[in-house]
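*Asks:* My questions will all concern the structure given below.
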Amino acid sequence: MSRLDPLHERQDYLDAIAADRERFDDAGELSRERTGPAQVPRVQERSEPPVFRHGNRVGGLDARGPIYDRDHGYRLRQSEIRTIVDLGKFRVVAPEDLARFAYAGHRSEMQEDVRDLMRHGLLRNGIFAGPENTPRELLTLTERGHRLVRANRLVLSGQAIYSGFVKPRDANHDANLYPLYHKGLARILAEGGRNPRVILDFELKGKINRDIARIGRDARPEIARSHGLRVVRGHIPVPDVRIEYEKPDGQIARVDLELVTEHYRGRSLADKVKAGFALYTPRGEADRLRRVLDVQELTAEILSL
């Protein structure tokens, strides 16, 4: 199985469920040494299973089984597992985007899952200044949710997982990386790509800075090449989101995505173009940004979120 196979994380979870159910059938009850009746939160079953989305597939699986954080057990729906995994991968996600991409537009199902997960202490919300300073609710994992994802191997080995609101002024921008990823992913899948893996700028910047500290700034061209990046005006621009995936011929490829807004000026925008990033912008801003590029005598495709 490829190391980039996103089904690995789901299969790990399902294998764990199957093993626990076998133990339950054999013993008649879960071991009280691991969790007692009061320690395993139970949520009333829905009359219909939720719809969840993974990549370009939609399914209605509602497998429920205990997963553990230390000595505390949780019985979570598959859709709830997908939610904490997505929040971990992207740090900050807006509820409306979570409903759109992870729940195929089923907002009521998303809201019920979020309430359950908040009650379990696995995620929390916050209100931040959104577009035009309008209030915007955002979601993030708690430390407990972070531990639960890691302890149960719900993501691929090497996949970075984040939790908490780190920089309030950046929260709105960070939340937009989730729809940015899905926009880039849609193009990859349409061209036959498969097994995507997401890498955020936090992770890439950390690796580059460690290499610079170890090797030295004079080695920036070599460091940039080792990470599939370029040096532009003496610096190594890092994309907001990188997607690694397999092409139809089995070769590993990557696409670097950048979210550009009205705050980008000519030189900053030109650097992103020269770095080879795929540019996306909120609706209504593409024409202005193209005019900025015209002044720089540069041409690039700018797509709308």
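The values are calculated or read from the model by the stated rules, or taken from the named source; none is laboratory data. It should be emphasised that the depicted structure is a prediction, and the values quoted were computed from it without experimental measurement. For neighbour counting, all protein chains shown are included, and Cβ atoms are generated from backbone atoms with ideal geometry for every residue, glycine included.
*Asks:* Might you let me know whether the range 78-101 holds any residue that is assigned to a helix (DSSP H, G or I), among the small types (G, A, S), in contact with a helix residue (DSSP H, G or I) (Cβ under 6 Å, 6 or more places away or on another chain) and over 22 Å from L200 (Cα atoms)?
*Replies:* yes
*Asks:* Another question, then. Count, please, the residues in the range 279-297 that happen to be touching a Lys or Arg at 6+ places or on another chain (Cβ under 8 Å) and closer than 19 Å to G184 by Cα.
*Replies:* So the answer is 2.
*Asks:* Of the numbered conditions (1) surrounded by fewer than 19 Cβ atoms within 10 Å (Cβ to Cβ); (2) modelled with pLDDT of 95 or more; (3) aromatic (F, W, Y), F90 satisfies every one except a single condition; which is it?
*Replies:* Against the list (1) surrounded by fewer than 19 Cβ atoms within 10 Å (Cβ to Cβ); (2) modelled with pLDDT of 95 or more; (3) aromatic (F, W, Y), F90 comes up short only on (1).
*Asks:* Can you name the residue in the range 129-143 that is in contact (Cβ under 8 Å) with a residue 24 or more places away in the chain and surrounded by fewer than 19 Cβ atoms within 10 Å (Cβ to Cβ) and, of all such residues, is nearest to the chain's Cα centre (by Cα)?
*Replies:* It comes out as E137.
*Asks:* Would you mind finding the one in I199, I208 that is crowded, with 16+ Cβ neighbours inside 10 Å and outside any helix (DSSP H, G or I)?
*Replies:* Going through I199, I208 in turn, just one is crowded, with 16+ Cβ neighbours inside 10 Å and outside any helix (DSSP H, G or I): I199.
*Asks:* Residues being within 25 Å of A186 (Cα to Cα) and either modelled with pLDDT of 80 or more or of a type in the set (F, W, Y) (or both): count how many of those fall in the range 50-86.
*Replies:* Of the residues in that region, 10 qualify.
*Asks:* Here are E258, E222, E191: which of them is within 18 Å of the chain's Cα centre (by Cα) and either at pLDDT below 95 or not polar (S, T, N, Q) (or both)?
*Replies:* E258
*Asks:* Could you check the range 214-261 and list, in sequence order, the residues that are polar (S, T, N, Q) and closer than 15 Å to E203 by Cα?
*Replies:* Of everything in the range 214-261, just one residue is polar (S, T, N, Q) and closer than 15 Å to E203 by Cα, namely S226.
*Asks:* In addition: In the range 272-305, how many residues are at pLDDT 85 or above and crowded, with 18+ Cβ neighbours inside 10 Å?
*Replies:* Adding up the residues that qualify gives 8.
*Asks:* Of the conditions (1) of a type in the set (A, V, I, L, M); (2) assigned to a helix (DSSP H, G or I); (3) in contact (Cβ under 8 Å) with a residue 12 or more places away in the chain, M118 clears all except one; give me its number.
*Replies:* It fails just one condition, (3).
*Asks:* Out of (1) within 19 Å of the chain's Cα centre (by Cα); (2) surrounded by fewer than 19 Cβ atoms within 10 Å (Cβ to Cβ); (3) among the charged types (D, E, K, R); (4) modelled with pLDDT of 95 or more, what's the single condition that is false for R115?
*Replies:* (1)
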